[in-house]
Amino acid sequence: MKELRELRDDEIRIVGGDRPRRNKRRPILWIASAVAAVAIAIAVLILVARGGQDTPTQPQHAPQTSIAIAPADTVQHLGRETDARAAGFTELIDTAINDVPLCLYIPHNASMTLHVGRLDKTDSTIVFAAQAADIRADNGGIVGAFVLAGEPLSWGLSKKGYCAVIGDTVTIGMADNSPLFERATETGGYFFRQYPLVSNGQLVENNPKGKSIRRAICDRQGEIMMVGTLDTESFHDFSQALVDLGVDQAIYLVGASSFGWAVDGSGMRHEFGNENTYTSGRHKMSDNISYIVWRRK
Amino acid sequence: MAVGRFLTITTSVDLVRIAPDRIVYISSDGNYSTIVQADGEMRMLSCQLGQVERTIAAQLGTDGNLFIRIGKSLIINRNYVYYINIPKQKLTLSDAATFSHTVVASKEALKQLKELLEKEANGL
C-alpha cells in the first residue's frame, strides 16, 4: 500500500488524489529561499572571479558551525529515553510556558488504570497518582461517564473531554459520545470524563472562571504526560500553555488542593495538593473519589 | 463512483463493508478510528486514521477523491460539507435532511477546504 506523508493539522489532502494542499505562504518561502540561494551563488562566483589572491584560503577542515533544525513532522518526546527493563518511575520536568510555571510528570515503564476510593499511600508499585473525575457536591456521585475495570459506575455527559484506557493504550479526546466507553466496558478497560482543554492542538474554552492550581492529562505526539501548574492559573491560560507546549489532546484533572504524588527515578516521592483536605475541616471524602494511577509494569 | 462499489476495512478481529457514500466522516481516536455513518450509527475500528486513508486510496483509487483528509484527525465525505465557519473552526457535515454533525478543525485547514470547494464550484 502506498505510503502517505503524515499530515499536519493545518493541511488537507484529497484522498487517493493529489499531494497535500499546504499553507499558501510556503511557496513564497520556497521562492524566497531559491532567490537567496542564487544571490549567494552569484556573490561567490564574483569573489572567485576577482582572483582571491589577497584572501587567505580557509583550511579545508576548518571547524564549521551548524544548526540542526528538526523537521516539523519529527516526533520529539519531552521525556528521556529509558531502558525498557528498568523499574518504572515518573520523570519530573519543571518548565515555564508564557510565564506559566509548569511541572510535567512523564511516567516511564508504567501503565495507567483508574482507582475509586482512598488510595494506599504505602503501595510501592504506584509511581504517579492524581484525582481524576469530579465529584458531585450534592450526592457525592461521580460526574460524567465512568468505567472501572470494565464496570460502568456512572453515566451521562456533563463534560465533553474523556480519557480511556484500553489495554496499554491511553486515549484522550473530546466528543459528545465516544465509542471508547462501550469499548472500555467490553474489554475490562477504564473511562472517565473531564473538562476538555486541548483538542487536536486547539485550545478549548471552558466556562469556569477564576484561578486555581490546574492539572491535566495530555497526549503530546503520542507521549502521555500529566501537567500541573505551580501557581494559580485560569483555565484559559493553562490551556494556552498546553497548546504552546505542543500538546495535541488534553483534559482536566481535579486541581486546587486535590492530593497526589509522583515517584521519581531515585525513588523519591513528590507530593502535591493537601493530603489532609478530607481529614480535617468540613470536607468529607466521598466514597467515589477517583484517581488515575500509574503503576510500575 | 461505480454503483455498488464498497469500501472494505479489515483488522485482525473485524471487518466493515460499507458503501463510501454512506460515510459522513471518519475521526481519529488515537490508535482507533470511528466511522460516522449517514444512518447515525458509529463504528469504531481498531486501526489508525492513516491506515483507513491508505485503504480508501488503494480500494477506490480516484473515486477516493470523494474523501478529504483534514489534518491529523479527520477524513470527511466532501458531498456532506454543508457549512464552514473559519473563525469558529467549525465544519458542519449534513445532508440537510436527516443528520447534521459539527466537527472542529484548524482555521488553516478549513480555509484550504473552503478554497478547494470554491474552486470546484467555479469549475476552476
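The values are calculated or read from the model by the stated rules, or taken from the named source; none is laboratory data. Just so you know, these numbers come straight off a predicted model, no measurement behind them. Here the Cβ positions follow ideal geometry from the backbone for every residue, glycine too, while neighbour counts run over all protein chains shown.
Computed values, structure above
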item: Test for A:G222: is it free of Cβ contacts under 8 Å to residues at least 40 places away in the same chain and at positive phi; result: no
item: The stretch A:7-22 residues that are at the interface with chain B (Cβ under 7 Å from one of its Cβ atoms) and more than 16 Å from B:A58 (Cβ to Cβ), paired with ones that are surrounded by fewer than 16 Cβ atoms within 10 Å (Cβ to Cβ) and at pLDDT 80 or above (beta carbon under 9 Å, 6 or more apart); result: A:D10/B:K107; A:R21/B:E115
item: Members of the stretch A:114-131 that are within 24 Å of A:R80 (Cβ to Cβ) and of a type in the set (V, I, T); result: A:T125, A:I126, A:V127
item: Check on A:D123, assigned by TED's automatic domain parsing to the domain that holds A:G267, under 15 Å from A:R296 (Cβ atoms) and in a loop (DSSP other than H, G, I, E, B); result: yes
item: Residue under evaluation A:S178, criteria (1) free of Cβ contacts under 8 Å to residues at least 24 places away in the same chain; (2) in contact with a Phe, Trp or Tyr (Cβ under 8 Å, 6 or more places away or on another chain); (3) surrounded by fewer than 22 Cβ atoms within 10 Å (Cβ to Cβ), criterion not met; result: (3)
item: Of residues in the stretch B:22-49 being of a type in the set (G, A, S) and at pLDDT 90 or above, the one farthest from A:I172 (Cα to Cα); result: B:A38
item: Strands (runs of 3 or more DSSP E) wholly inside the stretch B:15-114 containing at least 3 residues that are of a type outside the set (D, E) and facing another protein chain (nearest Cβ under 7 Å); result: B:67-70
item: Residue match in the stretch A:128-145 (condition: in contact with a helix residue (DSSP H, G or I) (Cβ under 7 Å, 6 or more places away or on another chain), surrounded by 14 or more Cβ atoms within 10 Å (Cβ to Cβ), touching a residue at least 24 places away in the same chain (Cβ under 8 Å) and not in a loop (DSSP other than H, G, I, E, B)); result: no
item: Residue within the stretch A:141-161 that is within 13 Å of A:I217 (Cβ to Cβ), assigned by TED's automatic domain parsing to the domain that holds A:V263 and out of contact with any Cys (no Cβ under 6 Å at 6 or more places or on another chain) present; result: yes
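Results for (1) under 22 Å from A:D219 (Cβ atoms); (2) loosely packed, with under 15 Cβ neighbours inside 10 Å; (3) within 14 Å of the chain's Cα centre (by Cα), shown as yes or no for each residue.
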| site | (1), (2), (3) |
| --- | --- |
| B:R5 | no, yes, no |
| B:P20 | no, no, yes |
| B:Y25 | yes, no, yes |
| B:S28 | yes, no, yes |
| B:Y32 | yes, no, no |
| B:Q37 | no, no, yes |
| B:L49 | yes, no, yes |
| B:V52 | yes, no, yes |
| B:T55 | no, no, yes |
